[in-house]
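> Would you mind keeping the following structure in view while I ask a few things?
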Amino acid sequence: MVDLESEVPPLPPRYRFRDLLLGDQGWQNDDRVQVEFYMNENTFKERLKLFFIKNQRSSLRIRLFNFSLKLLSCLLYIIRVLLENPSQGNEWSHIFWVNRSLPLWGLQVSVALISLFETILLGYLSYKGNIWEQILRIPFILEIINAVPFIISIFWPSLRNLFVPVFLNCWLAKHALENMINDLHRAIQRTQSAMFNQVLILISTLLCLIFTCICGIQHLERIGKKLNLFDSLYFCIVTFSTVGFGDVTPETWSSKLFVVAMICVALVVLPIQFEQLAYLWMERQKSGGNYSRHRAQTEKHVVLCVSSLKIDLLMDFLNEFYAHPRLQDYYVVILCPTEMDVQVRRVLQIPMWSQRVIYLQGSALKDQDLLRAKMDDAEACFILSSRCEVDRTSSDHQTILRAWAVKDFAPNCPLYVQILKPENKFHIKFADHVVCEEEFKYAMLALNCICPATSTLITLLVHTSRGQEGQQSPEQWQKMYGRCSGNEVYHIVLEESTFFAEYEGKSFTYASFHAHKKFGVCLIGIRREDNKNILLNPGPRYTMNSTDICFYINITKEENSAFKNQDQQRKNNVSKSFYHGPSRLPVHSIIASMGTVAIDLQDTSCRSASGPTLSLPTEGSKDLRRPSIAPVLEVADTSSIQTCDLLSDQSEDETTPDEEMSSNLEYAKGYPPYSPYIGSSPTFCHLLHEKVPFCCLRLDKSCQHNYYEDAKAYGFKNKLIIVAAETAGNGLYNFIVPLRAYYRPKKELNPIVLLLDNPPDMHFLDAICWFPMVYYMVGSIDNLDDLLRCGVTFAANMVVVDKESTMSAEEDYMADAKTIVNVQTLFRLFSSLSIITELTHPANMRFMQFRAKDCYSLALSKLEKKERERGSNLAFMFRLPFAAGRVFSISMLDTLLYQSFVKDYMISITRLLLGLDTTPGSGFLCSMKITEDDLWIRTYARLYQKLCSSTGDVPIGIYRTESQKLATSESQISISVEDWEDTKDSKEQGHHRSNHRNSTSSDQSDHPLLRRKSMQWARRLSRKGPKHSGKTAEKITQQRLNLYRRSERQELAELVKNRMKHLGLSTVGYDEMNDHQSTLSYILINPSPDTRLELNDVVYLIRPDPLAYLPNGEPSRKNSICNTTGQDAREETQL
């Protein structure tokens, strides 16, 4: 290899020092040559071309000057006509000679000279080698006709009064106007719509025709009627409008010929112009117009960017956006690259929307289209993803590019972005508000397994409603359910609030309880003035400050509420006024809660091995007085809360020392060491000390570590939670985390089985191998064998996730067809299984657990149609599967992003409720069940007081299950007529023993009339059989009768049992006859204080963060959690 340093000798030191001091000036003495570029532009012609043609602003000035000259020449012609005295006689000389004063002649000559010089100069500059192309142009010919006679009259004075058709300069003015508009658009870097240009051309053409006709008729009639300009204008308007009164008509043949020629020109030119205008109008209807800059500066508007606009998406956005009073004056500009479909066009033609919604066909990646939408002046930009795409990752990529384009074009415009997959979320961290669909979906489905109907609870909270749904229904549960669905989350500053101002300096639980008792509002969280984090139920140790922002649940916000003065009632009876408010407690509740509190306060000190129990008093106290509830303290007793209530774990206290030691060795508490995607919020969870080998995660395959091949062999103590999904996406990680959160007791952890159509990748397995009792299995819900192997017969919940490959279909709403049929099969085969289904379209909820002859479902369908006609945004809320939390569509959460425009805290609160975010000091959502031992509390207000005074929990609603009191339909009648009486008693007993479910009626069987006729036919056949057959005939007849007596449910049960035996699985535990009862379930959000508690009510609670009350002496957070278990609070608190 050649040494480069040896080839290039170094410079002498003297030269280097000189360069350092004086700089390198040696180039003056060397051979280098300075080269100048673009010398061709330094010629005289090129400089003129640059000024007159190429330069945008100077060219615009030249066009404007030329346009002004042409208008001036037309104006001078009108002045000449008005100043001329009409001469008598009919000589033809009056056509060729006119009276023109010397000053007017001088002005016209000057204009002609300038115009001709400019025309020749522009022709020279635009010359490209063909001289005839420049000469034969119509503008050049008109310029010669109007300018050359005036120039000749300078040298020949007798021609000064020669008639020159100067009025033809109007056509040159039209040509100059078109060029000027084009240069104007280039100069200001703005593309005006072609519609505007075409309208301008049409109007100018029509004006030129009329002006030419007026001047021509007036001049030619100088030898006839001698019409003035006004009469000529009248004649032209009457003629071109095809009215033709006939009072003014041309007399000379020349004028008549001129009128014929002008009409022919109009018949040729105007239709062409109108055709182009109509075509552009139709194209504009497809692509939309522009949102004018003036409107953008004087009015407020938001921009909605979508890939494809469907009618459901549009109506959800418009109904939710315009549900807020302060948004009524806003305009919505829709920017979509596709053409409007028929349904969207029909809706946007409704006057209510046509005045407020503007559709623009364009792309968010083009600055021109963003300028059309006036994105830089918009109040907000909503960017929504297309969830119906087969490739959801590609849809996210399009959303990310749109967000980047909008941020680049309008940096100050607030962005509200919807993303589908969580791994793409970090690309749009700059957006003001982001909703990740799969994050919310899986977290909500997970909470549905431990807190029933969480999806319905969140959906109702993020929808705007007045609570008027179902108020005209005869059903009491529909009235209560509809009224409570109007509750939403609002905020207000404490010192400005009538609800909470009096609780400054008091504890949070004290303020929450008394505000609910007095005003019926539910205080759920706060935010410090100097902190951006929202704290849900910070607990009794938190002291309310005047600058705190309070978040509460109520029918309407406080600013829209009126308060009645009750001072006079307080003077009459102080004790009664303590309970007055929007919702008054019954007298017996007041007496029960007030009568014995002062005498016998319930002991709130630490109780051994009992934890946060709300039990009845002892037997002796029952005989003396009613049970009482301790008052909620203004300032919490920190010692009792710290040492007892918030650090106890009843589930672990009940374990034996050996079990406790083994559980502590098996599980630990900490943050998951591996996250499958960037941007996931760290959550404190139950973890294993060592990760499980990947081979052990496979449920149905044995390995060297274990020999189990089905769920039954594992011997799980708790029932399974099965998730049926197509692929193991990163969003599925958010399903596991809430079910393994640190506040979940170890003994209540349910095994999780992922039933996947496709094998998961190594990254996903590496993320879930640290969680206890998490397995996967490759299979499908279409296959009964796969369902049986994964343990569906003893599963607590079956979650069916919508498959990405079926989210798009040629026919609308058919994307859910496969999912619905599969779930219906599951419902028929395993009637006792709790199935939670995700659908693409909310309208398909009516097909869940479908029964064609269920009268009650038909009645609910009619109710839904009536509510939709009344304009309800929640018409689907009365569908029993949705009310019970058994079906969910992620599109229902689109309103969460829309509401964030008015309530910027809604996404944060929803993430905290779902466990997607964990803020230190913020509580979490859980539930408790009302048992028979808890009915002594009687009302929701007393339960509120009991929870706030003991555990610090804040209740926010009730999940209630009721029996459906309806006549049994024909499809529910047993088929076996002879066995009916025998099985009647057993069915009634089973009816009382079974748990409440969320179905509407029991499984269908075949029509009883057909079964009865079949049995009668079998009996007749047995009677008509030959006598000599004897025992063989009787045996065949008995077999036939037994065959017909079997119900459809028994046939399905027999099918399942046969498959289990074929797979080598035990049939023990398969409850084939445990049909769903005729029950219905629904949610009451923030019910009134006097609401009576019922058996099996599930109460939603926001429980304080246990880690916020750990003693200061603990060595570390993780060690304290692992050793003391830090209040593994029970999801179902025993009262």
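> Residue by residue through the range 219-228, what is 3J(HN,Hα) from phi via Karplus (6.51 cos²θ - 1.76 cosθ + 1.60, θ = phi - 60°)? Round to whole Hz and write x for glycine and proline.
With the stated coefficients, the range 219-228 comes to 6, 5, 8, 5, 9, x, 6, 6, 6, 8 Hz.
> Using θ = phi - 60° and the Karplus curve 6.51 cos²θ - 1.76 cosθ + 1.60, what whole-Hz ³J(HN,Hα) does each residue of the range 358-373 get, with Gly and Pro shown as x?
Those phi angles translate into 10, 9, 10, 8, x, 10, 6, 7, 9, 5, 5, 6, 5, 5, 4, 7 Hz.
> In bins 10 Å wide, starting from 0, what share of all Cα pairs of the range 436-565 does each bin hold, as a percent?
Per 10 Å bin, starting at zero, the Cα-Cα P(r) for the range 436-565 comes out as 12, 34, 34, 18, 2, 0 percent.
> May I pose another question? Considering only Cα-Cα distances, which of the following residue pairs are longer than 24 Å: Lys691/Lys929; Lys421/Lys803; Lys517/Lys557; Lys441/Lys803; Lys441/Lys818; Lys803/Lys929?
Numbers: Lys691/Lys929 35 Å; Lys421/Lys803 14 Å; Lys517/Lys557 17 Å; Lys441/Lys803 13 Å; Lys441/Lys818 20 Å; Lys803/Lys929 33 Å.
Pairs exceeding the cut-off: Lys691/Lys929; Lys803/Lys929.
> Could the peptides 538-549, 730-741 be put in order, highest first, of the mean number of other beta-carbon atoms found within 10 Å of their residues?
On the way: 538-549: 19.9, 730-741: 23.8.
Highest to lowest by the protection proxy: 730-741, 538-549.
> In addition: Going highest first, how would you order 883-892, 310-319, 688-697 by mean Cβ packing within 10 Å? All intermediate terms of the calculation are to be shown ahead of the outcome.
Working: 883-892: 24.6, 310-319: 18.3, 688-697: 14.9.
Taking the mean over residues of other Cβ atoms within 10 Å, the ranking is 883-892, 310-319, 688-697.
> Which ³J(HN,Hα) values, rounded to whole Hz and listed in residue order, are derived for the range 473-488 from phi using the Karplus coefficients 6.51, -1.76 and 1.60 in 6.51 cos²θ - 1.76 cosθ + 1.60 with θ = phi - 60°, glycine and proline given as x?
Computed from phi, the couplings for the range 473-488 are 7, x, 7, 5, 5, 5, 5, 5, 4, x, 5, 6, 5, x, 6, 9 Hz.
> Within a Cβ distance under 14 Å of Asn424, other residues only, what is the Lys/Arg minus Asp/Glu net charge?
Values: positive: Arg387, Arg392, Arg402, Lys421, Lys425, Lys429; negative: Glu389, Asp391, Asp396, Glu423, Glu437, Glu438, Glu439.
Every neighbour counted, the sum reads -1.
> Quick one: ranking Arg960, Arg61, Arg789 by accessible area, 1.4 Å probe, largest first, what do you get? List each step's numbers first, then the result.
Numbers: Arg960 5, Arg61 155, Arg789 80 Å².
Sorted descending by solvent-accessible area, the residues read Arg61, Arg789, Arg960.
> What ranking of Ser158, Ser922 comes out by heavy-atom accessible area, probe 1.4 Å, highest first?
Numbers: Ser158 70, Ser922 10 Å².
Largest accessible area first, the residues go Ser158, Ser922.
> Please sort by residue number the GluC sites (Glu not before Pro) in the range 505-563 whose DSSP state is loop and whose Cβ has at most 11 other Cβ atoms within 10 Å. Could the numbers behind the result be given before it?
On the way: sites: Glu529, Glu558, Glu559; in loops: Glu529.
Listed in order of number, the matching sites are Glu529.
> Please report the relative contact order for the range 419-560, taking Cα pairs under 8 Å with a sequence separation of at least 6, and give it as a percent rounded to a whole number. Walk me through the numbers on the way to the answer.
Numbers: 213 pairs, mean separation 29.7, N = 142.
Computed over the range 419-560, the figure is 21 percent.
> Less than 14 Å Cβ to Cβ from Glu690, Lys/Arg counted +1 and Asp/Glu -1: what total charge do the surrounding residues give?
-1
> Oh, and also: Whole Å is fine, so just give me how far the alpha carbon centre of the range 377-453 lies from that of the range 675-699.
25 Å
> Could you please put Phe716, Phe827 in sequence from largest to smallest accessible area, using a 1.4 Å probe?
Working: Phe716 50, Phe827 5 Å².
These residues rank, largest area first, as Phe716, Phe827.
> Can you tell me how the range 276-415 classifies by the Cα gyration tensor, rounded, prolate or oblate, using a/c under 1.5 as the rounded cut?
Rounded, since a/c falls under 1.5.
> Determine how large the accessible area of Asp408 is when every protein chain is in place; take a 1.4 Å probe and give Å² rounded to the nearest 10.
120 Å²
> Further, regarding this structure: Which of the three applies to the range 123-272, rounded, prolate or oblate, going by the alpha-carbon gyration tensor with a ≥ b ≥ c and a/c under 1.5 meaning rounded?
Cα axes put the range 123-272 in the oblate bin.
> Starting from the Cα gyration tensor of the range 659-785, take the square roots of the eigenvalues, sort them a ≥ b ≥ c, and report rounded, prolate or oblate (rounded when a/c is under 1.5, otherwise prolate if a/b is larger than b/c, else oblate). It would help to have the intermediate numbers written out before the result.
Values: a/c = 1.61, a/b = 1.15, b/c = 1.39.
Since a/c reaches 1.5 but b/c is at least a/b, the shape of the range 659-785 is classed as oblate.
> Give me the net charge of Val238's neighbourhood, meaning all other residues with Cβ under 13 Å from the Cβ of Val238; Lys, Arg count +1, Asp, Glu -1.
Neighbour charge sum, excluding Val238 itself: -2.
> Still on this structure: For Val199 and Val148, FRET efficiency with R0 = 35 Å and r from the beta-carbon atoms, rounded to 0.05?
Plugging the Cβ-Cβ distance into 1/(1 + (r/R0)^6) gives 0.50.
> Rank-order 96-107, 211-222 by packing density, defined as the average count of other C-beta atoms within 10 Å over each peptide's residues, highest first. Please report the intermediate quantities before stating the final value.
Working: 96-107: 13.6, 211-222: 22.6.
Order by mean packing, descending: 211-222, 96-107.
The values are calculated or read from the model by the stated rules, or taken from the named source; none is laboratory data. In this text the structure is predicted, and so the values were computed from the model without any measurement. So basically every Cβ, Gly included, is an ideal-geometry build from the backbone, and we count neighbours across all protein chains shown. SASA here: full protein model, heavy atoms, side chains in, ligands and nucleic acids out. Shrake-Rupley method; radii C 1.70, N 1.55, O 1.52, S 1.80 Å.
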